[in-house]
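This report refers to the structure that appears directly beneath it.
The values are calculated or read from the model by the stated rules, or taken from the named source; none is laboratory data. Owing to the predicted nature of the structure, the values given are computational and were not obtained by experimental measurement. Methodologically, a virtual Cβ is constructed for each residue, glycine included, from the backbone with ideal geometry; neighbour enumeration extends over all protein chains shown. Ligands, DNA and RNA are excluded from the accessible area calculation, which covers all protein heavy atoms including side chains. Shrake-Rupley method; radii C 1.70, N 1.55, O 1.52, S 1.80 Å.
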Amino acid sequence: MSKKLFIETLGCGMNVRDSEHIIAELNRKEPYTLTQTIEDADLIIINTCSVREKPVAKLFSEIGIFNKRKKEGAKIGVTGCTASHLGEEIIKRAPSVDFVLGARNVSKITQVVDQKHAVEIAIDYDESSYEFGEYRTNPYRAMVNISIGCDKQCTFCIVPATRGEEISIPSYLIFQEISKAVASGAKEVMLLGQNVNNYGRQFGNNEEKINFTKLLQKISTIDGLERIRFTSPHPLHMDDTFLEEFAHNPKLCKQIHVPLQSGSTAILQAMKRGYTKESFLNRCEKIRRLSPEATISTDIIVGFPGESEQDFEDTMEVVERVGFEQIFSFKYSPRPQTQAQHFKNMISDEITTARLQRLQSRHLEMLVAQMDAQIGSFCQVYFDELKPNRRVAGRCDNGRLVFVEGSEALLGKVLTVKITHATRTALEGVVWE
Ligand code: SF4
């Protein structure tokens, strides 16, 4: 009889891949099947995110609920970034938690699962050369880590404190993992890392001389792999060679995330982002020139300490000039173990809320116009998800989400679609044989 596993994944793509690794490693030890019902679960795992305060606050109320609903003898484990930075404190505040496993210790899941109150959160533990078992949430598209941790010190960000120093995963392991995924049906891969285009700067115990552009060229030689996506690159490492490769490598999907955070050079300095408003614009304009069909998405923090009206106007100016196709925008959230939490000139919630609303409503106007402009156009869609009501979902090369009417026969295929409708988040279309 296989055991039942309930796993909840919060946060970013790295966490989604870590959850897949957790499932794979547990199944190496003994068979587990996934359940969506807490009451049925023998093991309950919450894979946490701590990039903002809200998910952390939510964690303890959730543990309380799960503990009440769980069946006799079931275990609760907390993994991910909040596990890394709270560690023992989680068990002190919630003794019903059986183990705590930090974001850099995923390969130890089978060790801690049977230890009462085990806490494994070392952020210098190097599992970059560890060969995880195989498990994929979606067989048609593979997520593959190419590095763990981050070597930057952005003053607002807790990631270096929860995921540790940046280490690149040896390219033979990445090549091997993608080849296996392609052999089992995936035509698309998403390369994951905090700063993917800083790949190759530091390895654990491997002296390989390679950088991100060379890694992309190497991966592109894999037969059967048709589409390569990656997240998240850092504007600091967007040299011309990388952008030329992005533009001219037919397997690289023309979708790129360029996290801005702020449009003000003064605020970027306070954030220790390492680039200026002008250099950021220069890179985006280069992308627009080299790959006019590409979509650019970004991250923006509003209300960072010291952000003046003019600083915010600079952010709005960059938004206008780049015309981002997607913006992930948030209010500044002070995080423990970061420099900015100690900064003086905090911005009131009232002002921050007003700025965020202005940014989001202006971007919504731009987005609706961009999406409406797709109606009547054609794009190559890779179908990778069955949806209710005879609908199938996939993405254009530039990352836009597309729905068509159809059956699972479309899954795993790249087909021409004529766009007939548009909403701000997705396109509708018909398969154009
Ligand atoms: S680059 Fe900056 S924002 Fe991104 S994970 Fe590293 S420290 Fe955080």
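Pull the list of the chain cysteines that no other Cys approaches to under 4.7 Å, Cβ to Cβ.
Among the cysteines of the chain, those whose Cβ sits 4.7 Å or more from every other are Cys12, Cys49, Cys81, Cys150, Cys253, Cys284.
Taking every DSSP beta bridge that has both residues in the chain, what percent is antiparallel when rounded to the nearest 5? Could you put the intermediate results ahead of the total?
Values: 23 of 68 bridges.
Percentage antiparallel, nearest 5: 35.
Based on the alpha carbons, how large is the Rg to Rh ratio for segment 262-372 when Rh follows Kirkwood?
0.98
Rg and Dmax of segment 316-433 over Cα atoms: what are they, in angstrom?
Gyration radius and largest Cα-Cα distance of segment 316-433: 19.3, 61 Å.
Starting from the Cα of Lys387, draw a straight line to each of the aspartates and glutamates and keep only those under 16 Å, dropping any in the same chain fewer than 8 residues away.
Glu405, Glu408, Glu428
What is the spread of the Cα atoms of segment 378-431 along each of their three principal axes, largest first, in whole Å?
24, 20, 15
When the chain is treated as a GNM, springs tying every alpha-carbon pair under 10 Å, which of Ile256, Ile210, Ile44 comes out with the largest mean-square fluctuation?
Ile210
Restricting to DSSP loop positions (anything but H, G, I, E, B) with no more than 13 other Cβ atoms inside 10 Å of their own Cβ, which GluC sites (Glu not before Pro) remain in segment 189-243?
The qualifying sites are Glu207, Glu208.
In whole angstrom, how long is each semi-axis of the equivalent ellipsoid of the chain, when you take the square root of 5 times every eigenvalue of its Cα gyration tensor and sort them from largest down?
They are 33, 29, 23 Å, listed from largest to smallest.
Order 119-130, 154-165 from most to least packed using the mean count of other Cβ atoms within 10 Å. Mind showing how you got there, number by number?
Numbers: 119-130: 17.1, 154-165: 20.8.
Averaged packing, sorted descending, gives the order 154-165, 119-130.
For segment 29-75, state the average projected area of the convex hull of the C-alpha atoms over all orientations, rounded to one decimal in nm².
On the way: hull surface 16.5 nm².
The Cα convex hull of segment 29-75, projected and averaged over all directions, gives 4.1 nm².
May I ask you to give the percent of accessible area on the chain that is carbon plus sulfur, with a probe radius of 1.4 Å?
Details: 9850 of 18550 Å².
With neighbouring chains kept in place, the figure for the chain is 53 percent.
Just the accessible area per residue of the chain, please: how many Å² with a 1.4 Å probe? If you can, show how the numbers build up before the last one.
Details: 18550 Å² over 433 residues.
Value returned for the chain: 43 Å² of accessible area per residue.
Can you give me the pair-distance distribution of segment 122-178, C-alpha pairs, 5 Å bins, whole percents?
4, 16, 24, 19, 17, 12, 6, 1
Dipole size in debye (nearest 20) for the chain around its Cα centre, Lys and Arg Cβ +1, Asp and Glu Cβ -1?
Charge dipole, the chain, about its Cα centre: 500 debye, nearest 20.
Take the Cα coordinates of segment 136-253, assign each an equal point scatterer, and use the Debye formula without solvent to give log10 I(q)/I(0) at q = 0.13, 0.14, 0.16 Å⁻¹.
Values returned for q = 0.13, 0.14, 0.16 Å⁻¹ are -0.50, -0.58, -0.75.
Using only C-alpha atoms and all pairs of different ones, pull out the Kirkwood radius for segment 339-394 in Å with one decimal. Can you show the working numbers first?
On the way: mean 1/r = 0.0636 Å⁻¹.
Answer for segment 339-394: a Kirkwood hydrodynamic radius of 15.7 Å.
Only Lys, Arg, Asp and Glu count, each charged at its Cβ (+1, +1, -1, -1), so figure out the dipole size of segment 1-151 about its Cα centre, rounded to 20 debye. Show your work: numbers first, answer last.
Working: 20 positive and 22 negative charges, 111 e Å.
Once rounded to the nearest 20, the dipole reads 540 debye.
Rg to Rh ratio, segment 1-147, alpha-carbon atoms and Kirkwood radius? Don't skip to the end; give the middle numbers.
On the way: Rg = 14.2 Å, Rh = 15.3 Å.
Expressed as Rg/Rh, it is 0.93.
In nm, what is the difference between 0.36 nm times the number of residues separating Ala122 and Val16 and their Cα-Cα distance?
Working: separation 106, 0.36 × 106 = 38.16 nm, distance 2.02 nm.
Once the chain is fully extended between Ala122 and Val16, it gains 36.1 nm.
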